[in-house]
1. Provide a single number: the residues in the stretch 236-254 that are surrounded by fewer than 24 Cβ atoms within 10 Å (Cβ to Cβ) and among the β-branched types (Val, Ile, Thr).
2. Does the stretch 99-108 contain at least one residue that is in the same structural domain as Val245 (by TED's automatic domain parsing), assigned to a helix (DSSP H, G or I) and surrounded by 16 or more Cβ atoms within 10 Å (Cβ to Cβ)?
3. Take the stretch 289-305 and flag every residue that is touching a helix residue (DSSP H, G or I) at 6+ places or on another chain (Cβ under 8 Å) and not aliphatic (A, V, I, L, M).
4. Kindly evaluate Ala226 against the criterion of being surrounded by 24 or more Cβ atoms within 10 Å (Cβ to Cβ), modelled with pLDDT of 95 or more, of a type in the set (Gly, Ala, Ser) and in contact with a strand residue (DSSP E or B) (Cβ under 9 Å, 6 or more places away or on another chain).
5. Among the aromatic types (Phe, Trp, Tyr), in a loop (DSSP other than H, G, I, E, B) and under 22 Å from His41 (Cα atoms) - does that describe any residue in the stretch 153-161?
6. List the residue pairs whose Cβ atoms are under 6 Å apart, where the first residue sits in the stretch 62-74 and is assigned by TED's automatic domain parsing to the domain that holds Gly94, the second is surrounded by 11 or more Cβ atoms within 10 Å (Cβ to Cβ), and the two are 6 or more positions apart or on different chains.
7. For Gly235, only one of the following conditions fails: (1) over 17 Å from the mean Cα position of the chain (by Cα); (2) on the phi > 0 side of the Ramachandran plot; (3) of a type in the set (Gly, Ala, Ser). What is its number?
Amino acid sequence: MRRVLPWLLVAVAALLFVAPLDPAFVERWYSGGVYLRLQPHVTAVSNRLPFAAFDLILVAAAATATWIVVAAVRGFRRRERWRAVARATVRLLGVGAALYIWFLGAWGLNYRRVPLLERLELAHDAPTPATVLALGQQAVERLNQLHAAAHAAPWIDPWHDRGLQEAFRVTQGYLADGGAAVPGRLKASILGSYFRWASVDGMVDPFALEVLANPDLLPFEKPFVAAHEWSHLAGYANESEASFVGWLTCVRAGDGAQYSAWLFLYWEVNSVLRPAERAALAAALGRGPRADVAAISERVRRGQLPQLRRVSWAAYDQYLKANRVEEGVRSYDAVITLLARARFTKDWVPVRLDAPHDPPGGSAP
């Protein structure tokens, strides 16, 4: 059995990788069913741990791989070269397959659910440059309005912000029926330095369903980063969808969370504008928001290692494409498409295609 198990794991993993699962099936039975019944319990356990469970998994995986390689080297020394190579290869494939099966079952199948663009009522065509610029101008206006109130009181850690957590619960209800995911604490990790060097703000541990965060995040960045990662915990694996859900969460929370959401949108729009439009948008920022934008830029510039950042994001691009996100890392920018095309009623309530009638509210914001 010990010899058969690795091959069995590899066969199951390969089958799951190529299986053409129906998105509607995944949406109903996994993302909106099994996953949302398990996530609150798994995240509740990981939230109680004072350390990142992902660190233990990472260390255990590295230790196992090291043991396999060391055993292969010993086999080489005993002149069992081909047998040692074959044994090490099978073992490594078995461990990788087991991790992949765990990944898919615990969270990864959410990549194969029905896209949000196919579940929401769309009011507009694909965004034009003028539409994107208008979103940027709205972001600047809201940042200028919210800055004083957002900075008036001490910033609350998202884990202790009950208003943000309630907004997350409400937002999930607007987008899907059934249960709601629970938030996760923003945890430190042994990957903290890597996050800093690669300009990664945070990630969800897909095995223990917890949130890991960049240790250098500024207080006004944390609400949106938390809401974005919580949205991953809610089963929105696609980056643009997680940003969309996280943004809708923040805009219905307190002043600080709203400010964090509009700051994120300013950055997103700014990244796709032409230089002249980017300069005009920056000039319209008030002194306070401009200082916050400069602080974020300085944080990223000070911490990153450009070469590592390029390699890391190239690898992540391939990871997303392997999980059927065809646009790869460009899926981050697709949040603008979601915000520009979806129909909303009052207070940014999205209208679902399967809704029997419009959500309460009235006219679009």
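1. 1
2. Filtering the stretch 99-108 for residues in the same structural domain as Val245 (by TED's automatic domain parsing) gives none.
No: zero hits.
3. Of the residues in the stretch 289-305, the ones touching a helix residue (DSSP H, G or I) at 6+ places or on another chain (Cβ under 8 Å) are 289-290, 292-293, 296, 303-305.
Within the stretch 289-305, Pro289, Arg290, Asp292, Gly303, Gln304 qualify.
4. Details: surrounded by 24 or more Cβ atoms within 10 Å (Cβ to Cβ): yes; modelled with pLDDT of 95 or more: yes; of a type in the set (Gly, Ala, Ser): yes; in contact with a strand residue (DSSP E or B) (Cβ under 9 Å, 6 or more places away or on another chain): yes.
So Ala226 passes the test.
5. Taking the stretch 153-161 first, the residues among the aromatic types (Phe, Trp, Tyr) are 155, 159.
When the remaining residues are screened for being in a loop (DSSP other than H, G, I, E, B), the result is 155.
Narrowing further to those that are under 22 Å from His41 (Cα atoms): none.
Within the stretch 153-161, none of the residues are among the aromatic types (Phe, Trp, Tyr), in a loop (DSSP other than H, G, I, E, B) and under 22 Å from His41 (Cα atoms).
6. Pairs that qualify, where the first residue is assigned by TED's automatic domain parsing to the domain that holds Gly94 and the partner is surrounded by 11 or more Cβ atoms within 10 Å (Cβ to Cβ), are Thr64/Val95; Ile68/Ala88; Ile68/Arg91; Ile68/Leu92; Ala72/Ala84; Ala72/Ala88.
7. (1)
A quick yes/no check of all residues on (1) more than 30 Å from Ala213 (Cβ to Cβ); (2) in contact with a Leu (Cβ under 7 Å, 6 or more places away or on another chain); (3) not in a helix (DSSP H, G or I):
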{"position": "Ala11", "(1), (2), (3)": "yes, no, no"}
{"position": "Ala24", "(1), (2), (3)": "yes, no, no"}
{"position": "Gly32", "(1), (2), (3)": "no, no, no"}
{"position": "Leu36", "(1), (2), (3)": "no, no, no"}
{"position": "Gln39", "(1), (2), (3)": "no, yes, no"}
{"position": "Val42", "(1), (2), (3)": "no, yes, no"}
{"position": "Val45", "(1), (2), (3)": "no, no, no"}
{"position": "Phe54", "(1), (2), (3)": "no, yes, no"}
{"position": "Ala65", "(1), (2), (3)": "no, yes, no"}
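The values are calculated or read from the model by the stated rules, or taken from the named source; none is laboratory data. None of the values given here were measured: they were computed from a predicted structure. Note that we place each Cβ from the backbone using ideal geometry, even for glycine, and neighbour counts take in every protein chain shown.
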